[in-house]
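Data block below; observations after.
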Amino acid sequence: MGPVLAGVLQLLALTGALAIAYVPLGTYLAKVYTADRHWRVERWIYRCIGADPDTQMRWPAYLRGVLAFSAVGVLFLYLLQRLQGVLPMSLGFRSIDPDQAFNTAVSFVTNTNWQSYYGEQAMGHVVQTAGLAVQNFVSAAVGIAVAVALVRGFARSRTGELGNFWADLVRGVVRVLVPLAAVGAVVLVAGGVIQNFSGIHEVGQFTGGSQQWNGGAVASQEAIKELGTNGGGYFNANSAHPFENPTPFTNLFEIFMILVIPFALTRTFGLMVGSVRQGYAVLAAMVTIWLGFTALMMWTEFAHQGPAFQAAGGAMEGKEVRFGIGGSSLFAVSTTLTSTGAVNSFHSSFTGLGGGITMLGMMLGEIAPGGTGSGLYGILVIAIIAVFLAGLMVGRTPEYLGKKIGAREIKLAACYILI
């Protein structure tokens, strides 16, 4: 099988898997965030944090909940890193320096997951699992909660209540992310991703000498890293590392996990506002951009310009041989359009046009399909602006889903785009 055919087949398989998951997952998410009953484990959590999940919040209270929870998350993760030197299972690593600890804490709490350290040489098991992995769950749940609150604003009339932030947060973790991540981790383990709490050990090299490696609960963290569009890698090489992403199958599965929730949330939006067609319209815009970027990326990376490219079958410099051009292009487009940050190849080693595609994907502002939650509210802001401009051109009062769009709404939408 040629590399071009392999890349096309991977794209078709991924598109088919996303299409199969779209309706059931989108419908399930809508049921999760509109249900009246609370699970027993959820009620225990509400008691522990002192929250009343049945209290409806207006936007100032909802915003205070988001900011307060995020501030506590930054403080907790910062202290956990600063105390690493005295924690068990730290693998002998020292505590993280104050500036590095604060940078990492803010990065993971805000779902940015920008890393300026070698994961396998800096973070022990406790910080990785109880700190970084936990933030991968809750930061993604916060993103979904904010998107759901915006959708409720479109769906409801004669009330300014947007739901309850604590209920949305807990349900996102307990009912959505934990079950999906558990299944994803099992699939990754079956595919060869490691999952253990072993210490540092030496491994012989083919060229002679030895190298030190440590294990870790990688599969479980890798699953939520992709599902939550987080991107922070357990190892410095991220998803190019064979412990995180060993085979073409795991590579394609990780891309699927990156995209499945952002795409499915468009159906959740359609169901919650009472117009499935609106959800399909948003989905169509997302899919058109994603497929267009992917096709253009594959074309430019497969182009045989020069003897080196011809010998390798494409622009293979900076890419893993086990993934090839197709798997690397799919991953690069999906991770940049969702602002995930995970990588299985060096974006700086792509061709000029390919590197430009990744840059444009980052600059689009998370709309095709965007991050978990952030993609939905990002493209809804674009929809509001589009409807406003269309209304001005035809001389009608701009409305979207029965809500009038005036100067106040456009100012807020402009602030979102500028920020």
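Ranking 1, 123, 272 from most to least accessible surface, computed with a 1.4 Å probe over the protein chains only, gives 1, 272, 123. The lysines whose alpha-carbon is closer than 22 Å to the alpha-carbon of residue 411, local same-chain residues fewer than 8 away aside, are 403. Considering only 292, 339, 413, the residue lying farthest towards the positive end of the dipole of the stretch 284-418 is 413, judged by Cα position with unit charges set on Cβ.
Over all pairs of different C-alpha atoms in the stretch 320-388, the reciprocal of the mean inverse distance, the Kirkwood hydrodynamic radius, equals 12.7 Å.
Quick one: divide the alpha-carbon radius of gyration of the stretch 284-418 by 2.2 N^0.38 Å and tell me what you get. Let's see the in-between values first.
On the way: Rg = 18.8 Å, N = 135, 2.2 N^0.38 = 14.2 Å.
Normalised by 2.2 N^0.38 Å, the Cα Rg of the stretch 284-418 equals 1.32.
For the set 126, 148, solvent exposure ranked by accessible area (probe 1.4 Å, protein chains only) runs largest to smallest as 126, 148. Rounded to 0.05, the FRET efficiency of the residue 31 and residue 8 pair, given R0 = 41 Å and the Cβ-Cβ distance, is 0.70.
Per residue, how large is the accessible surface of the stretch 284-418? Use a 1.4 angstrom probe and give square angstrom. Spell out each step's value before the answer.
On the way: 6200 Å² over 135 residues.
Using a 1.4 Å probe on heavy atoms only, each residue of the stretch 284-418 averages 46 Å².
Bin all alpha-carbon pair distances of the chain at 10 Å intervals from 0 and give each bin's fraction as a whole percent. The distribution over the chain is 5, 21, 30, 26, 14, 4, 1, 0, given as percents.
For residue 143, the shell of other residues with beta-carbons less than 13 Å away shows a net charge of -2, using +1 for Lys and Arg and -1 for Asp and Glu.
For residue 236 and residue 183, FRET efficiency with R0 = 30 Å and r from the beta-carbon atoms, rounded to 0.05? Before the final figure, lay out each step's value.
Details: r = 27 Å, r/R0 = 0.91.
With a Förster radius of 30 Å, E is 0.65.
Ligands, DNA and RNA left out, the 1.4 Å accessible surface of the chain is 67% carbon and sulfur atoms. Between the residues 381, 307, 348, the greatest Cα displacement towards the positive end of the dipole of the stretch 284-418, with unit charges on the Cβ of Lys, Arg, Asp and Glu, is found for 381.
Charge tally around residue 286: other residues with Cβ under 12 Å, Lys/Arg +1 each, Asp/Glu -1 each, net 0.
Rank these by accessible area, largest first, 1.4 Å probe: 166, 299.
Working: 166 65, 299 160 Å².
From most exposed to least exposed: 299, 166.
Could you tell me the distance between the Cα centroids of the stretch 26-105 and the stretch 158-176, to the nearest Å? Between the Cα centre of the stretch 26-105 and that of the stretch 158-176, the gap is 14 Å. Ranking 257, 326, 283 by how far each Cα lies toward the positive end of the dipole of the chain (charges on Cβ) leaves 283 at the top.
Its Cα centre serving as origin, the chain has a Cβ charge dipole (Lys and Arg +1, Asp and Glu -1) of approximately 1520 debye. Over the stretch 167-239, with a single point scatterer placed on each C-alpha, what log10 of the ratio I(q)/I(0) does the Debye formula yield at q = 0.12 1/Å? Taking Cα atoms of the stretch 167-239 as identical point scatterers yields -0.42. The value of relative contact order for the chain, using C-alpha pairs under 8 Å at least six residues apart, is 17 percent. Straight-line reach from residue 319: which lysines fall under 29 Å, measuring Cα to Cα and dropping same-chain residues less than 8 apart? Cross-link targets: 225. Counting 0.36 nm for each residue step from residue 158 to residue 200 and taking away their Cα separation leaves a gain of 9.1 nm. Helical content alone sets the calculated 222 nm signal of the chain at -19500 deg cm²/dmol, taking -39,500 (n - 2.57) per DSSP H segment of four or more residues and averaging over every residue.
Report relative contact order for the stretch 284-418 in percent, whole number only (criteria: Cα-Cα under 8 Å, sequence separation at least 6).
Values: 163 pairs, mean separation 25.7, N = 135.
Answer for the stretch 284-418 is 19 percent.
Other residues with beta-carbon under 11 Å from the beta-carbon of residue 240 carry, at +1 per Lys or Arg and -1 per Asp or Glu, a net charge of 0.
Applying D = kT/(6 pi eta Rh) to the stretch 218-302, where Rh is the Kirkwood radius over alpha-carbon pairs, T corresponds to 10 °C and eta to 1.306 mPa s, the Stokes-Einstein value obtained is 109 µm²/s.
Working value for the stretch 16-159: equivalent-ellipsoid semi-axes of 33, 19, 15 Å, each the square root of 5 times a Cα gyration tensor eigenvalue, largest first.
The values are calculated or read from the model by the stated rules, or taken from the named source; none is laboratory data. Quick caveat: nothing in here was measured; it's all calculated off a predicted structure. Here the Cβ is made from the backbone with ideal geometry for all residues, glycine too, and neighbour counts use every protein chain on show. Protein only, heavy atoms only, side chains kept; ligands, DNA and RNA dropped before computing areas. Shrake-Rupley method; radii C 1.70, N 1.55, O 1.52, S 1.80 Å.
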